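Here's the structure, in structure tokens; my notes come after.
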Amino acid sequence: MAPNLLALSDAPILELDIIDSTNNYAMRLIDADTAQPGLTITAIEQSKGKGQRGRQWLDAAGESLLMSIILTPEVKTEEQFVFSAMIATAIANALTELHEHWDVRIKWPNDIIINDKKAGGILIENVLRGSQWLYAIVGTGINVNQQNFPGILPWATSLRIASGREFNISLVRDLLRKHVFSMVTAGHSHQNVMEQYNELLYRRGSSQYFADSNTEWEAFINEVTADGRLHVRMPDGTDDAYVHGAVQWIWGK
């Protein structure tokens, strides 16, 4: 049965001061059989925030939206990227609603870009039982009111930097929840989801530099397909496709 928009919207929001990570807290609720679809966990500060591929998510206490939403996806386990694309598209659309002059994009696979800089990221962790997808924990970190970032993050931005004004983090949270819940209950076809995602794809139709452990190269970004592969055109005219984690995105070239 497809998730119900009203039921998701009415699910509780747990607001915590400090936690290891909101995704970890959500997983503990699932393990304790006390979770429900739409349940949302937020924190003022995370001691062990998690990013993609085991990286640490860095945040300043009280200046970021740190949020995990528990959902029950209505797609097959082998179609996980379509669900990820739904979430990224929903969050990008929510941020677009906040400021009419922002250029909000999705950097493959699911980083949130505002005006060519990274404003947030998404980490989805799954709970499976055999071939059944029981829960998805949708972790989202959005830089909201930060005005300074460490030198290791030269391509980072925040909503405040991008707009010149301070934001109410709770209002940003509520807007993102609304868009996420609307997206996952709308009944979009997989084709439509990927069309929406690719319309927002960062640097689509442009050349981008990539690297692996041995070399660096330039490729023209075409699209992302439902299996999560980034399809590119090489300088010699041949086509290639990358799996997330196999190549590194080079900023500033």
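When peptides 111-122, 231-242 are sorted by average Cβ neighbour count within 10 Å, with the highest value leading, the order is 111-122, 231-242.
Evaluated with a Cβ-only charge set (Lys, Arg +1; Asp, Glu -1), segment 5-199 carries a dipole of roughly 360 debye about its Cα centre, given to the nearest 20. Of the peptides 68-77, 155-164, 26-35, the ranking by mean beta-carbon count within 10 Å, highest at the top, reads 68-77, 155-164, 26-35.
In terms of packing, defined here as the mean over residues of other Cβ atoms within 10 angstrom, the peptides 40-46, 83-89 line up highest first as 83-89, 40-46.
Take every Cα-Cα pair in segment 136-253 and report what % of them are more than 24 Å apart.
Details: 3227 of 6903 pairs.
Value for segment 136-253 (Cα pairs over 24 Å): 47 percent.
Ranking 180, 82, 64 by Cα position along the charge dipole of the chain, where only Lys, Arg, Asp and Glu carry charges on their C-beta atoms, puts 64 farthest toward the positive end.
The magnitude of the dipole of segment 207-249, with charges of +1 and -1 set on the Cβ of Lys/Arg and Asp/Glu and taken from the Cα centre, is near 100 debye.
Adding -39500 (n - 2.57) for every DSSP H run of four residues or longer, then dividing by how many residues the chain holds, sets the calculated 222 nm ellipticity at -8000 deg cm²/dmol. Centroid-to-centroid, using Cα positions, segment 224-250 and segment 188-205 are 15 Å apart. With all pairs of different C-alpha atoms in the average, the Kirkwood value for the hydrodynamic radius of segment 207-249 is 10.5 Å.
Using a 10 Å cut-off around each Cβ, can you sort 64, 21, 170, 182 from fewest to most neighbouring Cβ atoms? Show your work: numbers first, answer last.
Working: 64 27, 21 23, 170 12, 182 15.
So the ranking, lowest neighbour count to highest, is 170, 182, 21, 64.
Pairs from the list 118/178; 118/253; 117/253 with a Cα-Cα gap above 18 Å: 118/178.
Every number in this text was worked out from the coordinates using simple rules, so none of it is lab data. The structure displayed is predicted, hence computed values, not measured ones. Quick reminder, even Gly has a Cβ in these numbers, built from the backbone with ideal geometry, and neighbours come from all protein chains shown.
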